[in-house]
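Q: Let me give you the structure first, and then I'll get to my questions.
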Amino acid sequence: MTAHEALFRLYYDKLLHIAKGYLGIIEDAEGVVQNVFLKIWEKKKNLEKVNNLGSYLHTMTKNACLDLLKHQRVKTNFSNNYYEERIAIRNQFIKDEAASLVIETELEERITRAIDTLPEKCKRVFLKSRFEGLKHSEIADIMHISKRTVDNHISNALQHMKLHLKEYLTLFIIFLKNF
Amino acid sequence: MEVKKILKYINETASKEEAREVEAWINASQDHAKKFNLLKAKHIASTFDDTINSADTNQGLFRYKTNIEKSSKNKSKNLKQSILKYAAIFIIAIGTSYLFFTENKLEIPEDTITLELENGDIKIIQDDGNAQFVDSKGNTITTQKGNKLNYNNSNISNEEKLVYNTLTVPYGKRFNIVLSDNTQVTLNAGTSMKYPVKFIKGHNREVFINGEAFFDVTKDKAHPFVVKSSDLNIRVLGTKFNVSSYPEDLNTKTVLVEGSVSLYQEETYKPKKATLLTPGHLAYLNKSNNAISLEKVDVSLHTSWINGSISFKHEPFKNILKKLERQYNVVIKCESKDLNETSFTARFDNASLEYILKTFRNNYDIKYTIENKPNKTITIKP
């Protein structure tokens, strides 16, 4: 099991639920969430700047939904004012920050709970580095990256660690980047 | 509004009438919208289990892996990758606004003016010709006289549904339309406009533009006239103004000649959020940060193209070249970076391209070569 697969298993159904809430149609939501994960995979490097994975994924999902709505807006030919109005309501809902916060808080809560039930293999990948005490140079060897890169990643990660959850997820990011 | 009703709407168990009622309530004020949003957010937060229990993560993962494989395969075509990337960006940038323009296009010469009818048929408009276009029932939709299409005298009965036509003007040409409400529109080179054959009572008058056009809108307070471009909406009651919104330009420019117009970027018009433009002013929408800035301008600079003039005031050379390319349907390459950023002020009234190039050569020491095949290409050398 790779880190990407673990990430997918951890977040897929939750993001799917949120996207379905935004779009109203499960098939649309599935497409959107697939695109979000594909983007994550294609742009691993962008993850370096991320310190809250849940919030990052939620934002990506929101943006993907907004894009889709924009597309639908063009497609409807504007011939149907009523339909356009519905899209506008969905649109402003996605952009509402108070609403976003409610959803994101619940998402984080769910992730915390889900981590405890993560598949064993996936847990091991993570624990190996953090809790089995592998040295940075050893991680570097295993992952085929320079020791300095590992140093940087770890120190960046440590800066953002405040909660157990964040610690877990930040390290997750390190795996993803080097996958 | 009762919470119960709103929840029914959120659950999608409301009837059509009930849904409309809730939507009207949401749109009535920002407070209502906020209330609705919070309620909906809480509903989403409390129903995670519904989706989680029914979601097929394994199937999702399978799709994800297939997607990754496809994506990697594309990446391995390293050679063309960067080019493809740009091609894709280009297609998307144009694609979003051209979606309704380009479907069903046949093999039609690039340099002809075309009219796309509601059913997707594409008619070629001959320059300075006279023609009549009829719908399937034999009703006249529009008549062409010279360089003008007139929708004001069609004998289509007042239908409930809006029926659209799209006029596309290639580089090197201009064309005029008289809409059913007698609004006069002049389309500049390289511009498409989609508009209803007949406006309907009780609906906003809406048209969709991609490129540059001058509007002289007939006053009708009950039916606001809205020009929609890919990133800006312009709402007017009756007025004269110019809009320039070419997909390849960094700015969308609106210049007001008389009357007043409101600019907004949201889907629906909200007076408080809109920017009001007064005569003699230009509104720039910077597409990269969506900021609108206003500036006092000489209006004629922005409207002289209607009569075939080209004018620019302190305009970078590269922008001037783009204008010339559109106006004369040529390709112009400039090999000097410095020159591209140098600004010029000039005005040419119905001049030939050769005359304009000569003027630059004589006054600014610019060298150029002209190739006529396969397409007319001008290369400017430092």
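Q: Give me the one-decimal nm value for the distance between modelled label points at B:H281 and B:D220, 7 Å along each residue's Cα-to-Cβ direction.
A: The two pseudo-label positions are separated by 2.7 nm.
Q: Report, to the nearest 10°, how far helix B:353-364 tilts away from the longest principal axis of the Cα atoms in chain B, using its own Cα long axis and a range of 0 to 90°.
A: That helix lies at roughly 70 degrees to the long axis.
Q: Here's another thing I want to ask about it. What residues qualify as long-range amide H neighbours of B:L162, i.e. H under 5 Å apart, gap of 5 or more or another chain, H built at 1.01 Å from N?
A: Here the answer is none, since no amide H 5 or more places off falls under 5 Å of that of B:L162.
Q: Relative to the first principal axis of the alpha-carbon coordinates of chain B, what is the inclination of helix B:16-28, with its axis defined by its Cα atoms, in degrees from 0 to 90 and to the nearest 10?
A: Once rounded, the angle reads 60 degrees.
Q: In addition: If I stretch the segment between B:E354 and B:K272 completely, what's the gain in nm (0.36 nm per residue apart, minus their alpha carbon distance), one decimal?
A: Working: separation 82, 0.36 × 82 = 29.52 nm, distance 4.92 nm.
So the chain would gain 24.6 nm between B:E354 and B:K272.
Q: At B:T342 and B:E18, where each label point lies 7 Å from the Cα along Cα→Cβ, what is the point-to-point distance in nanometres?
A: My value for the distance between the label points is 7.2 nm.
Q: List the chymotrypsin sites (Phe, Trp or Tyr not before Pro) within region B:185-276 that DSSP assigns to loop and that have no more than 16 neighbouring Cβ atoms inside 10 Å.
A: Taking region B:185-276 and a limit of 16 other Cβ atoms within 10 Å, the loop chymotrypsin sites (Phe, Trp or Tyr not before Pro) found are B:Y269.
Q: Given a Förster distance of 51 angstrom, what is the FRET efficiency for B:K367 paired with A:Y82, based on the Cβ-Cβ distance and rounded to 0.05?
A: Working from the Cβ atoms, E equals 0.30.
Q: Let me ask something else. Can you tell me the alpha carbon radius of gyration of chain B divided by the globular rule-of-thumb value 2.2 N^0.38 Å?
A: Expressed relative to 2.2 N^0.38 Å, the Cα Rg reads 1.19.
Q: Right, something else. Pick from B:D349, B:D181, B:D49: which residue has the top mean-square fluctuation in a GNM of chain B where Cα pairs under 10 Å get a spring?
A: Checking each option, the largest mean-square fluctuation is seen for B:D49.
Q: A further question on this structure: For A:E109 and A:E42, calculate 0.36 nm times their separation in residues minus their Cα-Cα distance, and state this gained length in nm to one decimal.
A: Computed gain between A:E109 and A:E42 is 21.4 nm.
Q: For B:N153, put the label point 7 Å out on the Cα→Cβ axis and report which residues of region B:164-184 keep their amide N under 19 Å from it.
A: B:176-184
Q: Still on this structure: Using the alpha-carbon centroid of each, what span in Å lies between region B:43-64 and region B:329-361?
A: The distance from the Cα centre of region B:43-64 to that of region B:329-361 comes to 59 Å.
Q: What is the angle, in °, between the Cα long axis of helix B:78-102 and the longest principal axis of the Cα atoms in chain B? Nearest 10 is fine, range 0 to 90.
A: Roughly 80 degrees, rounded to the nearest 10.
Q: Another one. Run down the aspartates and glutamates and flag those whose C-alpha is under 13 Å from the C-alpha of B:K253, throwing out any fewer than 8 positions away in its chain.
A: B:E212, B:D231, B:E295
Q: By the gyration tensor of its Cα atoms, with a ≥ b ≥ c the square roots of the eigenvalues, what is the shape of region B:215-301: rounded for a/c under 1.5, prolate for a/b over b/c, or oblate?
A: It comes out oblate by the Cα gyration axes.
Q: Okay, next question. Find how much the distance from B:D231 to B:L61 grows on full extension, using 0.36 nm per residue of separation minus their present alpha carbon separation; answer in nm with one decimal.
A: On the way: separation 170, 0.36 × 170 = 61.20 nm, distance 3.57 nm.
Length gained between B:D231 and B:L61: 57.6 nm.
Q: Excluding ligands, DNA and RNA, what is the accessible area buried between chains A and B, summed over both sides, using a 1.4 Å probe, to the nearest 100 Å²?
A: Numbers: alone 10950 and 22930 Å², together 29380 Å².
Adding both sides of the contact gives about 4500 Å².
Q: Another question about this same structure. Using a Förster radius of 22 Å, what is the FRET efficiency between B:M1 and B:K34 based on their Cβ-Cβ separation? Nearest 0.05, please.
A: E(calc), rounded to 0.05, equals 0.95.
Q: Relative to the compact globular guide of 2.2 N^0.38 Å, what is the alpha carbon radius of gyration of region B:308-381, as a ratio?
A: Normalised Cα radius of gyration, region B:308-381: 1.02.
Q: Between B:S260 and B:K70, with labels modelled 7 Å along Cα→Cβ, what's the label distance in nm to one decimal, could you check?
A: Modelled inter-label distance: 5.1 nm.
The values are calculated or read from the model by the stated rules, or taken from the named source; none is laboratory data. Since we're looking at a predicted model, the values are computed, not measured. Cβ coordinates were reconstructed from backbone atoms using ideal geometry, including for glycine residues, and neighbour counts include every protein chain displayed. These area figures cover heavy atoms from the full protein model, side chains too; ligands, DNA and RNA do not enter into them. Shrake-Rupley method; radii C 1.70, N 1.55, O 1.52, S 1.80 Å.
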